[in-house]
1. Taking a temperature of 25 °C and a viscosity of 0.890 mPa s, what whole-number D in µm²/s does Stokes-Einstein yield for segment A:1-59 with Rh from Kirkwood over alpha carbon pairs?
2. Given N residues in segment B:52-147, what is its alpha carbon radius of gyration divided by 2.2 N^0.38 Å?
3. Report the B-A buried area as the accessible area lost on both sides summed, probe 1.4 Å, in Å² to the nearest 100.
4. If the limit is 25 Å between Cα atoms, which of B:LYS126/B:LYS148; A:LYS82/B:LYS148; B:LYS70/B:LYS129; A:LYS4/B:LYS138 go over it?
5. Would you mind giving the mean number of other chain beta-carbons within 10 Å of the Cβ of each residue in A:33-43, as a whole number?
6. Let me check something: with ligands and nucleic acids excluded, how do B:GLU118, B:GLU41, A:GLU66 order by accessible area (1.4 Å probe), largest to smallest?
7. Nearest 20 debye, what's the magnitude of the dipole of chain A about its Cα centre given +1 on Lys and Arg Cβ and -1 on Asp and Glu Cβ?
8. Probe radius 1.4 Å, ligands and nucleic acids ignored: give me the carbon and sulfur share of the accessible area of chain A as a rounded percent.
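The values are calculated or read from the model by the stated rules, or taken from the named source; none is laboratory data. Bear in mind that the values here come from a model prediction, so they are computed numbers and not experimental data. Here the Cβ positions follow ideal geometry from the backbone for every residue, glycine too, while neighbour counts run over all protein chains shown. Note: areas computed on protein heavy atoms with side chains; ligands, DNA, RNA excluded. Shrake-Rupley method; radii C 1.70, N 1.55, O 1.52, S 1.80 Å.
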Amino acid sequence: MLDKPIVMRARLRDDVVSVKALITHPMERGDRVSNDSGEILPPHFIQEVICETGGRVVLTALLSGEVARDPFLAFSFRGANKGDTVKITWVDNRGNSGSSETAVE
Amino acid sequence: MSVDPKRRFFLKGALTTGAMTMLAGAGLLTPRSLLAVWPKEAFEADAIPQALTLLLGDSQTRESGSIRIKLTPHADSSGSEVSIMVKTDLPDVESISILVADSPTPLAASFRLGAGMEGSISTRLKIAKSGEIIAVVKTQQRLFSTRKSVDLTGCGCE
């Protein structure tokens, strides 16, 4: 499940690139009881998401287990052109990480 | 962590994603851009002023009409989710943080804005009860905030 690519899109309109990203991750806060085992599921959530383009970091998101399952992020920035690469990388509390990139369209 | 940057660059290029993940899991390798330390104490703080001080170095916020919060609750199979958009036209924004007033650990997420970022961020939170959501915007000058109530009784979520 953790190696699923990030579903992401970056669109340029009027000099502003709008990014939408959906990361597949359980985002367990550490207080939920498993339907299967009846035991409390340990914390398992993304702590940090970075969005980079053109060698600069445009966004650093620091997250908690309060963020909903399969985190969705939307944001926008200036200073990129069509075809430029936008890369998103995440790391969770267990040290797992994932990364995907897309071209600005 | 004392890893020679050149060696790390070589490792990044040479290893497969799976091996990278294993190494990262073992604490041997951290993606180069992810070296910021996740502020554990701020996220574990049980009071808003404490969380803000630990996260942003200050807890004094000024109410601002230049921050807007849009909240859209959804019923979900495992509880309830709320889509949140925080938008500000304040100048020189460094970060936008979202806190859930009634949560045992109020700080939910914080977004550091790099050069060129617009003052807007959207995400979704798990929110179990009706209550207040607080957005705190850090500018180069000070902290500004605004708050908005989310009502989960109407959507069948609560």
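1. Values: Rh = 14.3 Å.
The estimated diffusion coefficient comes to 171 µm²/s.
2. On the way: Rg = 13.2 Å, N = 96, 2.2 N^0.38 = 12.5 Å.
Here the answer is 1.06, to two decimals.
3. On the way: alone 9790 and 6480 Å², together 13320 Å².
Summing both chains' loss of accessible area gives about 2900 Å².
4. On the way: B:LYS126/B:LYS148 16 Å; A:LYS82/B:LYS148 37 Å; B:LYS70/B:LYS129 17 Å; A:LYS4/B:LYS138 34 Å.
Result: A:LYS82/B:LYS148; A:LYS4/B:LYS138 exceed 25 Å.
5. Numbers: counts 0, 0, 1, 0, 0, 0, 0, 0, 0, 0, 0.
The shielding value for this peptide is 0.
6. Values: B:GLU118 55, B:GLU41 120, A:GLU66 15 Å².
Descending order: B:GLU41, B:GLU118, A:GLU66.
7. Details: 13 positive and 15 negative charges, 77 e Å.
In total the dipole reaches around 360 debye.
8. On the way: 2280 of 5030 Å².
The nonpolar share, carbon plus sulfur, comes to 45 percent.
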